[in-house]
Structure formats: structure tokens, C-alpha cells
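In what follows, a single structure is set out as C-alpha cells and then discussed.
What follows is calculated from the coordinates using simple rules that are stated; it is not laboratory data. Remember, it's a predicted structure, so these values are computed and weren't measured experimentally. Positions of Cβ are generated from backbone atoms using ideal geometry, with glycine treated the same way; all protein chains shown enter the neighbour counts.
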Amino acid sequence: VADRLTQELYLLEPKEFKRTGAPVYLRRNRGDVLGELPELDIIPKWTEFGDGESRYYKEAVSNEQLMKMRRAAWTGGTPEKSPKLEVLLDICEEAADNGHKVLVFSYFRDVMSTIERHLGDRTFEPISGDVPNIRRQEIIDDFTKAEPGSVLISQIQAGGVGLNIQAANIIVLCEPQWKPSTEEQAISRAYRMGQSRKVVVYRLLTEDS
């Protein structure tokens, strides 16, 4: 089998590569190993819009601008004007006090930039679709070595699949995703074999949205 698993096959015919290796490749789904994993808590965190955010949201609804609606609760830009941002910063502060690391997922780059700006040197270069795979692994390695209280921010499409980020056991989902599987894959970056601590997931949600 190994003789047939060439780099050319991997690059040119990835499905055939997978079929060729399947007979000797053991793959287990998370459901198969739940008994070996630590506890998982998923906690909804409900907030209201800030005043400016509420106006932004209603305008986006009137104009049928769906993507603006989805990130309206982050447009306040400061903890005083954005309750969601205030809650996220509180979660990160509490995690630092308890010696944990935090993994933050959002679909939107402007949301990631807002969070990064307020966390300062407690965070790392965000992982987005522009970041090459080699660099992504370097960022994760730096995060793994970093002090408790560190925060890694990732675009959910880029960091939600294929990465092992077991250094974090606190996960924040900044907004609901269309497909439950997208959130489940993101959670599985930290909640996977090798994780020894309880994992807590906070889903940030906005009332009347």
C-alpha cells in the first residue's frame, strides 16, 4: 500500500489516494471515543445589543443585508458599547485567573480584528484563510508554549478543520453558524483525543436578533 501512496497520487487524485490507504488506516469518529474524553459543557451566553448596534442591526434588516445582521453585535467596537465584546473579555479574564487558555472562533475578519485589538499581547497572529498551513502550525506551537491566559483567535472556516489545538480548553463561538457541523468541527479542535481537561464552550448570542 505504501508503494502506491505517492505524492503525485495525493496531489492529483486525492480521492483515489484516500481509497488506496483506507484498508490500513484506522480512523475513529468522536462518538467512538466519547468514553475516553473529558467532560464537555456548552454554555449559551445571552447579551443585548448596544445602542448603536441595535440601530445598525435594524438598518441591516431593513436593507436585507444578512452578513451585516450576523455581526451587528460586534460593531460597537469597545466593551462599553458592545455587550458581546465585554462578555468575551470577561471570559478571557476569568480563564487567565484559572490558568486556562482560550480559543476564539468567528466567521468575520473585522470581528477578529476588534477582539485582537482589545486583547493586545495576550493573543497571537489570528489564523485566517490567508495564513499558509506551515505558518498556522507555527502559531499553534507558539500558543501551546505560551503562558496560561493566552488567547488564539481563528476564522472558523480556516481553524475549524484539521488542526489540533489541545492547549486550549475554553472555546468561544462569537456568533452562531449556519450549520451545526461547522461549530462541532471547531469545538473538536480542542475537544479530541489527548485533551485531559474539561472543555467549556461559550456560544455568544444576542437577544431580539
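Observations on the model:
- Each 5 Å bin, from zero up to the one with the longest distance, holds this percent of the alpha carbon pairs of the chain: 1, 7, 14, 17, 17, 15, 11, 8, 5, 3, 2, 1, 0.
- Across LYS58/LYS101; LYS81/LYS198; LYS84/LYS198; LYS45/LYS179; LYS58/LYS198, pairs whose alpha-carbon gap is larger than 30 Å: LYS58/LYS101; LYS81/LYS198; LYS58/LYS198
- Globularity index of the range 1-95, i.e. its alpha-carbon radius of gyration over 2.2 N^0.38 Å: 1.90
- Mean sequence separation of contacting Cα pairs (under 8 Å, at least six apart), scaled by the length of the chain, corresponds to a relative contact order of 27 percent.
- Extension reserve of the TRP46-ASN133 stretch, reckoned as 0.36 nm per residue once the Cα distance is removed: 27.9 nm
- Residue-averaged 222 nm ellipticity for the chain, from DSSP H runs of 4+ at -39500 (n - 2.57), nearest 500: -11000 deg cm²/dmol
- Using 0.36 nm per residue and subtracting the Cα-Cα separation, the extra length available between LYS18 and ALA2 on full extension is 4.6 nm.
- Principal axis dimensions, the range 33-84 - Cα atoms, whole angstrom, descending: 48, 27, 14
- Whether the range 89-209 is rounded, prolate or oblate, judged on the alpha carbon gyration tensor where a/c under 1.5 counts as rounded: rounded
- Simple spin-label estimate for LEU205 and ASP141 gives 4.0 nm between the two label positions (7 Å along the Cα-to-Cβ direction from each Cα).
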